[in-house]
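Since every read-out is calculated from the coordinates, none of them should be taken as a lab result. Because the structure is a prediction, the values reported are computed rather than measured. Reconstructed Cβ throughout: ideal geometry from the backbone, glycine too, with neighbour counts over all protein chains shown.
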Amino acid sequence: MDHDRYDDAHIRAILREVKTVAMVGASPNNVRPSFFVLKYLLSKGYDVIPVNPGQAGREIGGVPAVASLAAIDRPVDMVDIFRNSQAAGGVVDEALALDPLPKVIWMQLGVRNEEAAARAEQRGVTVVMNRCPKIEYARLCGEIGWAGVSSGVVSSRKPTMAAGMQRFGLGKKTD
């Protein structure tokens, strides 16, 4: 997999398929990127589990945090890594010890670990690096344009409204 560029269809398919997200490095600080990504994904209907050993048993964004991926009580579709590139290797190894394996390991903006990505891909896990699911979701559904940012997605199709006020979804599976 070329981790320098991802097709929109590939990212859209991931975001449609994933339901449960373990967010490693989630912060209770409401000005940290991990906090508002957690809140955004929750607002889009994802089941987000904050993973932060220092916050285990407390709530982050209204959701109980756990100390580790192994402490999660249900299968995880995606592990979203809010740690530095070097620490991502250990997080990937922890994710690869889960049963069942997650479908996706997503490394946040600025986070790349080619060796860890190769280990995950050898086990059949999809890897995305140096991207943010919040940004990608907002870009693909058109919401990012509300802030005056070009999404890079040109379409004559009317956006699909999701539940709630002024919320776009990712569209139909046929998009």
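State whether the residues of segment 75-83 include one that is out of contact with any helix residue (DSSP H, G or I) (no Cβ under 8 Å at 6 or more places or on another chain), charged (D, E, K, R) and either without any contact (Cβ under 8 Å) to a residue 40 or more places away in the chain or crowded, with 17+ Cβ neighbours inside 10 Å (or both).
No, because not a single residue in segment 75-83 is out of contact with any helix residue (DSSP H, G or I) (no Cβ under 8 Å at 6 or more places or on another chain), charged (D, E, K, R) and either without any contact (Cβ under 8 Å) to a residue 40 or more places away in the chain or crowded, with 17+ Cβ neighbours inside 10 Å (or both).
Considering segment 21-53 alone, what residues qualify as being under 21 Å from GLU94 (Cβ atoms) and either acidic (Asp, Glu) or touching a residue at least 40 places away in the same chain (Cβ under 8 Å) (or both)?
Across segment 21-53, the qualifying residues are VAL21, ALA22, MET23, VAL24, GLY25, ALA26, SER27, SER34, VAL37, LEU41, ASP47.
If you take the residues in segment 25-67 that are closer than 19 Å to LEU15 by Cβ and among the aromatic types (Phe, Trp, Tyr), which one is surrounded by the fewest Cβ atoms within 10 Å (Cβ to Cβ)?
Only one residue tops the list, namely PHE36.
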